[in-house]
Amino acid sequence: MTETTPTTTDSTATCTLILPPTDLKDKVLIPGKDFGFDLQAIKRAEIALEELSVNFKEWIIVDTETLSQAQMAAEASAFTPESLDALFNAAHDLKGQACTLGYPLAGSICHSLCQMIDGLPDQRRISAILVKQHVDAVMAIVREEITNADHPVARAVFKKLREVTIDFVVQEVERVRADSSESQELEPVEQPELSATGAVS
């Protein structure tokens, strides 16, 4: 039931405070009644998740095939902007789904590939070898069903790929900066024109 309580804000005006009904007993957990949860609903959700997980392997295979095809298409086209976009999107999609599908290291390697593509100042200089190594590593992890993020061999491969990729991107960034600085130093300085009186115009 809604209760109203008259209250005075000053000597001349009054207002009505409306107190909405609160049925807290319907909102709190009740001890002794499965902690307030529908355990049957939770059980049904667990069963549904188990049934769904059967398809995880099929989904990860499809995603890795898409990544592999994008890599081959990009290499065949000499890494055009369009093919690089397709490769980035395939790696980005797999990066976001791999952990959910049970392949966290595959997702980490895809993340490294995305950062290489996105981090290069001149994408025309991308390393085809590094791209292929990333994709091959993802394919191997899925093929061998390596779902453990602490798998020693797969983790070592990821760490090495990551180190080499970071070094490559840093070198490319420094190269572009050096070329830019050299270009500015060699650029001729425009000489001011002098008028007949010798004043700078």
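Values in this text are rule-based calculations from the coordinates and carry no lab data. The structure displayed is predicted, hence computed values, not measured ones. Here Cβ is always computed from backbone atoms with ideal geometry, including for glycine, and neighbour counts include all displayed protein chains.
Taking +1 at the Cβ of each Lys and Arg and -1 at the Cβ of each Asp and Glu, which of Val164, Thr80, His111 sits farthest along the dipole of segment 50-176 towards its positive end, judged by Cα position relative to the Cα centre?
Val164
Using the count of nearby Cβ atoms within 10 Å as a rough guide to exposure, how do Ser83, Ser108 rank from fewest to most?
Ser83, Ser108
Under 15 Å from the Cβ of Lys160, count the other residues' Cβ atoms, weight Lys and Arg +1, Asp and Glu -1, and hand me the total.
The answer is +1.
Any idea what diffusion coefficient segment 50-176 gets from Stokes-Einstein, in µm²/s, Kirkwood Rh on alpha carbon pairs, 25 °C, 0.890 mPa s?
The estimated diffusion coefficient comes to 167 µm²/s.
Can you sort Thr147, Thr80 so the residue with the fewest Cβ neighbours within 10 Å comes first?
Exposure proxy ranking, most exposed first: Thr80, Thr147.
With no solvent and one point per C-alpha, what does the Debye sum give as log10 I(q)/I(0) for segment 115-182 at q = 0.14, 0.24, 0.26 Å⁻¹?
Log-scaled intensity ratios, in q order: -0.50, -1.03, -1.12.
Give me the dipole magnitude in Debye, nearest 20, for segment 50-176 about the Cα centre, with unit charges on the beta carbon: positive for Lys and Arg, negative for Asp and Glu.
Dipole size: approximately 400 debye.
Taking other Cβ within 10 Å of each residue's Cβ, how do Ser181, Ser127, Ser77 sort, fewest first?
Lowest to highest Cβ neighbour count: Ser181, Ser77, Ser127.
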